[in-house]
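Here's the structure we're looking at; comments come further down.
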Amino acid sequence: MEKICLSQRRIDEIKNVCRKYGNDPGELINILHGVQDTLGYLPKEVQELIALELGISAARVYGVVSFYSFFTMKPKGKYPISVCMGTACYVRGGEKVLDEFRRQLGIEVGGTTPDGLFSLDSLRCVGACGLAPVVMIGPRVYGRLKVTDVKGILDEIQALEKEI
């Protein structure tokens, strides 16, 4: 696992999230959500600092982070892409859409593009089966996607980035 160095600003942000919940170990999940919202992910060093602040073992923090699929120990892209692979999406071409994202981005599922712009994951069900196949990019839901839609979606996001 890659070692990261936390800046004093990041350390203070993590401590502030812990204090917001009274450094209460019973609030661990809320604290992890808050820290992940702030940093984008929960690497080993962050987990160790949270454990220290709450007076619990790093193993306990790691156990929660590794158990819940929402938490991630690897940095995600600015635009996290999640392709639904639930039954309805799968039978309507979700796997082909996922393969096209992999091809267009040059990364595998679980990976992040070198520029940090995109990360790619698959998930079991978005709960929008009537729109299958479904892809989420950040909070935005794209439904009834075809393989031919992928390039346009990525081009649109990249064009927005150039404007910023």
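The values are calculated or read from the model by the stated rules, or taken from the named source; none is laboratory data. Source: prediction; values computed, not measured. Backbone-built Cβ (ideal geometry, glycine too); neighbour counts: all protein chains shown. Only protein heavy atoms, including side chains, enter the accessible area calculation; ligands, DNA and RNA are left aside. Shrake-Rupley method; radii C 1.70, N 1.55, O 1.52, S 1.80 Å.
A few comments on the model shown:
- Whole-percent carbon and sulfur share, accessible surface of the chain, 1.4 Å: 54
- Entry for Cα extents along the principal axes in Å (calculated from the structure that is shown) out of (i) 69, 37, 34; (ii) 51, 35, 27; (iii) 42, 40, 26: (ii)
- Per residue accessible area in Å² of the chain, where ligands, DNA and RNA are left out and the probe is 1.4 Å: 57
- Gain on full stretching of the segment that runs from Lys151 to Lys74 - 0.36 nm per residue minus C-alpha separation: 25.2 nm
- The chymotrypsin sites (Phe, Trp or Tyr not before Pro) of the range 66-164 that DSSP puts in a loop, and whose beta carbon has at most 16 other beta carbons within 10 Å, are Tyr68, Phe70.
- In a DSSP loop and with at most 14 other Cβ atoms within 10 Å, the GluC sites (Glu not before Pro) in the range 1-67 are Glu2.
- Of the GluC sites (Glu not before Pro) found in the range 77-164, those in coil by DSSP whose Cβ has at most 12 other Cβ atoms within 10 Å are Glu108.
- Here the chain carries DSSP beta bridges of which approximately 55% are antiparallel, counting only pairs with both residues inside.
- Using C-alpha pairs under 8 Å with a sequence gap of at least 6, the mean separation divided by the residue count of the chain gives a relative contact order of 18 percent.
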